[in-house]
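> Below is one structure. I have some questions about it.
Every number in this text was worked out from the coordinates using simple rules, so none of it is lab data. The structure displayed is predicted, hence computed values, not measured ones. A quick note on method: Cβ atoms are made from the backbone with ideal geometry, for glycine too, and the neighbour counts reach across all protein chains shown.
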Amino acid sequence: MRKKIAEHSQKPNVTIYDIAKALEVSPSTVSRSLKEHPTISNKTIRKVRNQAEKMGYRSNIFAQNLRRQKTNIIGVIVPRRPIRSATSNRW
């Protein structure tokens, strides 16, 4: 029973380095291909995207946000109780 659970456990995240190694290209080429950079040929973009899909690659949003130093998330703080003002008699 334990063996079956281990088989279904989540596989480690696939990185651009894994894709680069499988295709024998540089990680920079993989990165640029996934972003459809104009200096990368359409053939290479297709090859990289197919390999990425085949390997189950998913971009890491947290890593992207860390690199950009921007998250596009807005935090909102809502008090549990209404704030008592000087003009208000209610609590």
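> 5 Å is the cut-off here: which amide hydrogens, built 1.01 Å from N in the peptide plane, fall below it relative to residue 57, excluding neighbours closer than 5 in sequence?
none
> Kindly rank 19-28, 72-81 from highest to lowest mean number of other beta carbons found within 10 Å of each residue.
The most tightly packed comes first, giving 19-28, 72-81.
> Taking 7 Å along the Cα-to-C-beta vector as the label spot, tell me the residue 60-residue 39 distance in nanometres, rounded to one decimal.
About 2.4 nm, to one decimal.
> FRET efficiency for residue 76 and residue 24, Cβ-Cβ distance as r, R0 = 41 Å, nearest 0.05?
Efficiency at R0 = 41 Å is approximately 0.25.
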